[in-house]
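Okay, structure first, notes after.
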Amino acid sequence: MTDKCFLNKAIKILGHTCLYYVAIYTQFCNAEILSNDLSVISSADPQSNAVQSFIIIPKEKFIQQSIKKQTKRQIISQQTPFVIEYNKPLNDTETLEWRVKVSNKQYGTIAALSKFPGRGKLLKSGFLWQSDYLNKSVKNRQRLVFRPKPFSHQPKIYKKGRGAAGKRRNYGGGTMHVNKERYNPKLSYTINLNILKSGSIISSHKAILKMDKKDMIRQEYINHYNIRRYGKGDNGNIPIPTRQEISTIPIKPSELKGNPLTESKYQLIIDDGMLDLANKINNAYMTHSKKLKASKAFYDLDSKKIFVPNSSLWISSGWRNPERNEWYSNAVNGIHQRGGAIDFIIMAPSNSRDSAIAYWVLWQALEEKKAYINAYWQLEKNGRPMTTQEFKQDIEPKNGIPDAFDKADHLHANIQY
Amino acid sequence: MQTFSTKLRIIVFITAFATSLCSSAASFGDYFQSKPEIDSTIADRVTHYYSEDVQLSISQQQLELLKLESQLRSIESTHTEQAIYWFIRGLNDRNLAAHYTHTNEQKTAKKHIENKNNAYKKALNLARNNPQKLNAAMYSTMKHGLPEDLKIEATQFELAQGGNIDNDSAYWYLHWSNIDQLKKAGRHEEADKAFESMQKAMQENNADMSVYAELNRQVEKQTLKRTDKNAATPVQKYDTEENKLIGKEVIMPALLIIALLSLLLLTIYELFIKPKKNKHKPN
């Protein structure tokens, strides 16, 4: 009996300990402060709700922040430097040695703002910045201030179609995806502090700063800000989202078929009314389709009766992180990046008669519910909207259906910004 | 003074005309992601008409399109072996057909549709041995309105180049389109192979089958099974959905009417004819 009690107690203690560490780890997963004597300020911007957050804004660059329609726009510039402070009082005989190790040497130099004598070394594992031994004469030696040196980001130019090996090119961009070229950094810094007395280390302290998924998403927006795709066309001017604007992916209702609301690998999303819009469009389409089927009074341009197919709508694209958008689309400022746009395909063989009729039904449904849907939409083919003429003419093919519906490969809709 | 005013008018007209053309955002290269291999201003102007809402008056449009046609004809002899040339030529004929449809000149429109199809046929013929001569965007543009066999060919060349749209869903729907067209043309073995290659491509591209399982089922159900049944009756190869509805709307009511008529005839027989017959029978 006593043995059983002891065992229960042991299990409870073990469980609580595990929970405690899980909670601690979750809370500080971006800045693992592995010493009670260190405090870390790594906030990249005042909007950030996590002291752990950091993003890298190139020098002298001013970027708009807050991506959603309703949120107030702010301008952010170079981020607050990282500040790591040793909290305990030091004796005059004690010296300090700071080290900053950068995990990704491709992006890895830092600018130490503390006026400490120091030196940088490129080690095999990455970049290491190391201070000299700092004695009592060095002012503010307990506080290390540094900033990542901005790097130049060149957006990847994704080629379409098949590669040299004849294999269809896969989406290769985005920090969270396989990304051999490392066009987006996933930065982290390990800070070590050694306290020495008479040349011997008497205590060591460690903190790890690293980008979390929200930081990585925000960094993607920064990297694509003010950059022209293929060096021409419009400059990218999509603002960067705040951390609060990035959320977990909402559950997609079962009646919405097709892809998830985002195909990005972050398991996070920016939804600026996209899901609501998708539901409204799907409802309008289903209702109108049922109505036409029941009335049996749907006629083509030659006044011949058309039979409405049972094709559902299929979500083909929702929120895209900028790297993914670069792969998908020529629109550098595409609204998909703001979480306000949704694309639908008709669930039928593309450019078939069923698909053309269903696009026509969808178009009518949207026109009928214009006020309720309150959005902008267009039918697209090869990434361009169908022309006014294509809605009126019937030549490709001549089948009683306006060409716009025969040719369309998807419907794009977005909330009005 | 009058001469100066006329000159000024001409300059203003030309400037307005040129501005309206130059405002075009999509050049041939931007839109089709390829070099035109002919005078790029001609190719850009043809593309502009194809892809955007043109802001010119009807007569200005006609003038411009006919001018383009004449320019294209004038370089035909030096470009006759170039698939891209015939593609652009076909595109201009499409623009002309659209224009004459708009002005309700059906005969001329029809002539240009035929010209367009012939030009596209030439482009496909020239590209047949080396499909890379044209790209997916061009095949995708050409396929609408072509005869069924050529449409299949254009779709297959488009597929072979990885599809025109990098949207994954659209790529799989293009596969479905290819299978569907093959089945409708009665080319069942090729369709079955195309379905196999679609599934293979899905595996190679690590397509998320939790998303695409339903699409796969639909392709199998609507295309393979459906058209197998229809294989012997090519008349019915178009749109089974419509056939189903014809069944519901025509055959069912017809059967019902026949049944009712039979019932009526039987009642008449029982009430009027049978008693009379019985009357004449000797007891």
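Any idea which residue in region B:24-46 is modelled with the lowest pLDDT, counting only those that are surrounded by 18 or more Cβ atoms within 10 Å (Cβ to Cβ), assigned to a helix (DSSP H, G or I) and more than 10 Å from every other protein chain (Cβ to nearest Cβ)?
Restricting to residues being surrounded by 18 or more Cβ atoms within 10 Å (Cβ to Cβ), assigned to a helix (DSSP H, G or I) and more than 10 Å from every other protein chain (Cβ to nearest Cβ), the top hit is B:F28.
Does B:Q199 satisfy the criteria of being more than 11 Å from chain A (Cβ to nearest Cβ) and not acidic (D, E)?
Spelling it out, B:Q199 is indeed more than 11 Å from chain A (Cβ to nearest Cβ) and not acidic (D, E).
Find the residue count for region A:283-341, including only residues that are out of contact with any strand residue (DSSP E or B) (no Cβ under 9 Å at 6 or more places or on another chain) and among the β-branched types (V, I, T).
Adding up the residues that qualify gives 2.
Would you tally the residues in region A:329-350 being in contact with a Ser or Thr (Cβ under 7 Å, 6 or more places away or on another chain) and surrounded by fewer than 24 Cβ atoms within 10 Å (Cβ to Cβ)?
Qualifying residue count for the region: 1.
For region A:358-374, does any single residue satisfy the condition of being outside any helix (DSSP H, G or I) and within 11 Å of another protein chain (Cβ to nearest Cβ)? Spell out how you get there, then give the answer.
Quick first cut of region A:358-374, residues outside any helix (DSSP H, G or I) only: A:369, A:374.
Then keep just the ones that are within 11 Å of another protein chain (Cβ to nearest Cβ); that gives none.
No, there is no match, as no residue in region A:358-374 is outside any helix (DSSP H, G or I) and within 11 Å of another protein chain (Cβ to nearest Cβ).
Are any residues in region A:206-219 in a strand (DSSP E or B) and surrounded by fewer than 21 Cβ atoms within 10 Å (Cβ to Cβ), and if so, which ones?
A:K206, A:I208, A:K210
Yes/no per residue for (1) more than 14 Å from chain B (Cβ to nearest Cβ); (2) without any contact (Cβ under 8 Å) to a residue 24 or more places away in the chain; (3) under 30 Å from B:L182 (Cα atoms):
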residue: A:V332; (1), (2), (3): no, no, no
residue: A:D343; (1), (2), (3): no, no, yes
residue: A:M347; (1), (2), (3): no, no, yes
residue: A:E380; (1), (2), (3): no, no, yes
residue: A:A404; (1), (2), (3): no, no, yes
residue: A:N414; (1), (2), (3): yes, no, no
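Restricting to region A:300-309, count the residues that are more than 8 Å from chain B (Cβ to nearest Cβ) and either aromatic (F, W, Y) or in contact with a Gly (Cβ under 9 Å, 6 or more places away or on another chain) (or both).
Matching residues across region A:300-309 total 6.
Counting only residues that are hydroxyl-bearing (S, T, Y) and in a helix (DSSP H, G or I), which one in region B:76-106 is nearest to the other protein chains (Cβ to nearest Cβ)?
Initially, region B:76-106 is screened for residues hydroxyl-bearing (S, T, Y), giving B:77-78, B:80, B:85, B:100-101, B:103.
Remaining after also requiring in a helix (DSSP H, G or I): B:77-78, B:85, B:100-101.
Values: B:S77: 28, B:T78: 29, B:Y85: 20, B:Y100: 9, B:T101: 5 Å.
Per the stated criteria, the residue is B:T101.
Considering only region A:42-136, give the strands (runs of 3 or more DSSP E) lying wholly within it that have at least 3 residues that are modelled with pLDDT of 90 or more, assigned by TED's automatic domain parsing to the domain that holds A:G199 and touching a Ser or Thr at 6+ places or on another chain (Cβ under 9 Å).
In region A:42-136, A:82-86, A:94-102 are the strands (runs of 3 or more DSSP E) which contain 3 or more residues that are modelled with pLDDT of 90 or more, assigned by TED's automatic domain parsing to the domain that holds A:G199 and touching a Ser or Thr at 6+ places or on another chain (Cβ under 9 Å).
Output the number of the condition that A:L362 fails; it satisfies all remaining conditions of (1) farther than 22 Å from B:L96 by Cβ; (2) touching a Lys or Arg at 6+ places or on another chain (Cβ under 9 Å); (3) buried (at least 22 other Cβ atoms within 10 Å of the Cβ).
For A:L362, the failing item is (2).
Go through (1) surrounded by fewer than 18 Cβ atoms within 10 Å (Cβ to Cβ); (2) touching a Leu at 6+ places or on another chain (Cβ under 8 Å) one by one and return the number of the condition A:A375 breaks.
Answer for A:A375: the failing condition is (1).
Restricting the first residue to region A:310-328 and requiring it to be in contact (Cβ under 8 Å) with a residue 60 or more places away in the chain and at the interface with chain B (Cβ under 10 Å from one of its Cβ atoms), which pairs with a second residue that is polar (S, T, N, Q) and in a helix (DSSP H, G or I) meet a Cβ separation below 7 Å and a spacing of at least six or different chains?
A:S316/B:S169
Answer with yes or no whether B:I84 is crowded, with 21+ Cβ neighbours inside 10 Å, among the β-branched types (V, I, T) and modelled with pLDDT of 95 or more.
Judged against the criteria, B:I84 is a match.
Looking at region B:82-95, which of its residues are within 21 Å of B:T108 (Cβ to Cβ) and under 17 Å from the mean Cα position of the chain (by Cα)?
Listed by number, the residues that qualify are B:G90, B:L91, B:N92, B:D93, B:R94, B:N95.
Only one of B:K143, B:K151 is free of Cβ contacts under 8 Å to residues at least 40 places away in the same chain, at the interface with chain A (Cβ under 8 Å from one of its Cβ atoms) and closer than 18 Å to B:A83 by Cβ. Can you tell me which? Let's see the steps before the verdict.
Numbers: B:K151 fails: at the interface with chain A (Cβ under 8 Å from one of its Cβ atoms).
Of the residues listed, the single one that is free of Cβ contacts under 8 Å to residues at least 40 places away in the same chain, at the interface with chain A (Cβ under 8 Å from one of its Cβ atoms) and closer than 18 Å to B:A83 by Cβ is B:K143.
Pick out the one residue from A:A371, A:A404 that is more than 18 Å from A:S316 (Cα to Cα), touching a strand residue (DSSP E or B) at 6+ places or on another chain (Cβ under 8 Å) and among the small types (G, A, S). Walk me through how you get there before you give the answer.
Details: A:A371 fails: touching a strand residue (DSSP E or B) at 6+ places or on another chain (Cβ under 8 Å).
Matching residue, one of A:A371, A:A404: A:A404.
I'd like to check something: does region A:225-236 contain any residue that is among the acidic types (D, E) and part of a loop (DSSP other than H, G, I, E, B)?
Within region A:225-236 (the criterion being among the acidic types (D, E) and part of a loop (DSSP other than H, G, I, E, B)), the answer is yes, since at least one residue qualifies.
State all residues of region B:122-147 that are out of contact with any Ser or Thr (no Cβ under 9 Å at 6 or more places or on another chain), within 22 Å of B:I179 (Cβ to Cβ) and either buried (at least 21 other Cβ atoms within 10 Å of the Cβ) or modelled with pLDDT of 95 or more (or both); if no residue qualifies, say none.
Selection gives B:L124, B:A136, B:T141, B:M142, B:G145, B:L146.
If I ask for residues that are farther than 18 Å from A:E367 by Cβ and of a type in the set (D, E), which ones from region A:260-310 would you list?
A:E263, A:D271, A:D272, A:D276, A:D302
Of everything in region A:237-261, what is of a type outside the set (A, V, I, L, M) and under 29 Å from A:S77 (Cβ atoms)? Give them in sequence order. Even if it seems obvious, please write down each step before you answer.
Taking region A:237-261 and keeping what is of a type outside the set (A, V, I, L, M), we get A:237, A:239, A:241-245, A:247-248, A:250, A:252-255, A:257-260.
A:N237, A:P239, A:P241, A:T242, A:R243, A:Q244, A:E245, A:S247, listed by residue number.
Which condition number does B:L66 fail, the rest of (1) more than 11 Å from every other protein chain (Cβ to nearest Cβ); (2) of a type outside the set (K, R); (3) surrounded by 15 or more Cβ atoms within 10 Å (Cβ to Cβ) being met?
(3)
For every residue, the table says whether it meets (1) buried (at least 17 other Cβ atoms within 10 Å of the Cβ); (2) at pLDDT 85 or above; (3) not in a strand (DSSP E or B).
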residue: A:Y183; (1), (2), (3): yes, no, yes
residue: A:K186; (1), (2), (3): yes, no, yes
residue: A:Y189; (1), (2), (3): yes, yes, no
residue: A:I195; (1), (2), (3): yes, yes, no
residue: A:S204; (1), (2), (3): no, yes, no
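If you scan region A:371-399, which residues turn out to be within 31 Å of the chain's Cα centre (by Cα) and on the phi < 0 side of the Ramachandran plot?
Let us first name the residues in region A:371-399 that are within 31 Å of the chain's Cα centre (by Cα), namely A:372-386.
Those that are within 31 Å of the chain's Cα centre (by Cα) and on the phi < 0 side of the Ramachandran plot: A:Y372, A:I373, A:A375, A:Y376, A:W377, A:Q378, A:L379, A:E380, A:K381, A:R384, A:P385, A:M386.
The values are calculated or read from the model by the stated rules, or taken from the named source; none is laboratory data. Keep in mind it's a predicted model, so treat the numbers as computed, not measured. Methodologically, a virtual Cβ is constructed for each residue, glycine included, from the backbone with ideal geometry; neighbour enumeration extends over all protein chains shown.
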